[in-house]
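All remarks here apply to the structure that follows.
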Amino acid sequence: MAVPRHLMTLADLSPAQINRVLAHSLQLKHRTKPWLLHQKPKKLQLPPQSLFLKTIALLFSKRSTRTRIAAETSASILGGQSLFLGSDDIQLGVNESLRDSAQVIGSMCQGFFARVGDHSEIEELAKYSPVPVLNALSSLWHPTQVLADLLTLHETAALKSSWLLPPPEDAPKKKTTAATLLPLKPLTIAYVGDSANVLHDMLVTYPRLGHSMRVASPAAYRAPTEVWDRLKVLGIDKDIFWSEDPTEAVRDADVVVTDTWISMGQEAEKAERLKAFQGYQVTEALCANAKPDWMFLHCLPRKPDEVDDEVFYGPRSLVFPEAENRKWTIMALFDLMFGKGELFDEPKGKRND
């Protein structure tokens, strides 16, 4: 039996593989959405049914809105089934070890999409699983969120030509459509807030795609050693600008990002964290030093302490297209990882899907 390959973080993928997932996400979105909107597409093209007769186990020990909905609808559209397994649904951690559960569930399903607490849990799951494991969220990494963010930036660039990389002068002209992933110019991404799983996957991804990362976080909340070790292996640890000053971090930024300061399981630290992050709320005033046309991302759910209503609901905000893109990027991962089994193949030549 072949040893399954698992995706814990986008650091596990090359830049070419990441771009392939994004291109496939965009293709799936434009192939599928006409059906969801009850519109007849010009060219009849059903989504791939790569999960036909397959079941994906959604192993969620943490509550979820976007991730669960994206996963369940994606599996269905790809012709398969999703089996939601919450902490109250199975014996995991009660009368059965994670090791035993991995082997039992893996013998009946064709993949795991796991949303866990500590990252060690998903590592143990992957160690004993006979089928591929995709990280839906752990304490250390959140790869599917950063893919959704990237897809949102590419879509925004299609409407915002200043973000696009111009083609070489001698390049042949190619016909592009709304489903074409256009190359981004190098962007400056500013992250303001807690150094948590979303930021960690941003750090191992954006610099490798040619973008600059600027981070503002209190010294006590700096990224852990495991993340810096991975950045060193990738050779990009020197490419990160880190400061305790949010104003410095957003200087000349194209995109400003924040996340919750109090993740699930950190409720007891609420008062301490709110005090530590005073002055880190994203506002128009804070971002006065960003580029004039800066945009805003947040993975949701959002609390007003992190970003005020003026930004969150304003014209700079991409948070709701970003939320929808969780579906299309997760669908692409399901298709390539659990369906076709091609996720870790290096792209060769032009691909249309």
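Laboratory data are not the source of any read-out in this text; all were calculated from the coordinates shown. Quick caveat, the model's predicted, so the values are computed rather than measured. Here Cβ is always computed from backbone atoms with ideal geometry, including for glycine, and neighbour counts include all displayed protein chains.
Couple of notes before you dig in:
- Cα pair count fraction exceeding 12 Å, expressed as % - segment 52-97: 62 percent
- The calculated FRET efficiency for the pair ALA2 and GLN266, based on their C-beta separation and a Förster distance of 56 Å, comes to about 0.90.
- Here the Debye sum runs over all C-alpha atoms of segment 50-181 as equal scatterers in vacuum, and log10 of I(q)/I(0) at q = 0.19 Å⁻¹ comes out as -1.05.
- Farthest toward the positive end of the dipole of the chain, out of GLN45, PHE320, HIS6, is the Cα of GLN45, where the dipole comes from beta carbon charges about the Cα centre.
- Efficiency of FRET from Cβ geometry, LEU300 and LYS174, R₀ 30 Å, rounded to 0.05: 0.25
- Less than 5 angstrom separates the built amide H of VAL215 from those of TYR191, PHE241, TRP242, SER243, all sequence-distant by 5 or more or on a different chain.
- Computed about its Cα centre, the charge dipole of the chain is approximately 1680 debye, with only Lys, Arg, Asp and Glu carrying charge at their Cβ.
- Binning the alpha carbon pair distances of segment 238-353 at 5 angstrom intervals from zero yields the distribution 2, 9, 16, 16, 14, 14, 12, 9, 6, 2, 0, expressed in whole percent.
- Point-to-point label distance, GLU284-SER107, nm (Cα→Cβ direction, 7 Å offset): 6.2 nm
- 10 Å binning of all Cα-Cα separations within segment 115-188, expressed as whole percents from 0 upward: 16, 32, 20, 21, 11, 0
- Structure remark: mean-square fluctuation, Gaussian network model of the chain, C-alpha springs under 10 Å; the largest value among ALA220, ALA157, ALA179 belongs to ALA220.
- Simple spin-label estimate for PHE344 and LEU165 in nanometres, 7 Å along Cα-Cβ: 2.6 nm
- Electrostatic bookkeeping for MET108 treats Lys and Arg as +1 and Asp and Glu as -1; over the other residues with beta carbon under 15 Å from its beta carbon, the sum is -2.
- Residues with amide H under 5 Å from that of VAL307, placed H, sequence gap 5 or more: VAL282
- Dipole axis of segment 247-353 (+1 Lys, Arg; -1 Asp, Glu on Cβ), positive-most option in HIS298, PHE338, ALA253: PHE338
- Each other residue within a Cβ distance under 9 Å of LEU137 adds +1 if Lys or Arg and -1 if Asp or Glu, for a net charge of +2.
- Per-pair calculated FRET efficiency, R0 = 30 Å: THR73 and LYS127 via Cβ, rounded to 0.05: 0.50
- Rg(Cα) / (2.2 N^0.38 Å) computed for the chain, rounded to two decimals: 0.98
- Other-chain or far-sequence residues with amide H under 5 Å of GLY86's (modelled H): PHE60
- At least 18 Å along the helix axis (C-alpha) and Kyte average at least -1.0, DSSP helices within the chain: 15-36, 143-159, 319-333
- In a simple Cβ point-charge model (Lys, Arg +1; Asp, Glu -1; nothing else charged), segment 156-230 has a dipole of about 340 debye relative to its Cα centre.
- Relative to the Cα centre, the charge distribution of segment 219-266, modelled as +1 at Lys and Arg Cβ and -1 at Asp and Glu Cβ, gives a dipole magnitude of about 180 debye.
- A helix-only calculation puts the chain at -10000 deg cm²/dmol for mean residue ellipticity at 222 nm, using -39500 (n - 2.57) for each DSSP H run of at least four residues, averaged over all residues.
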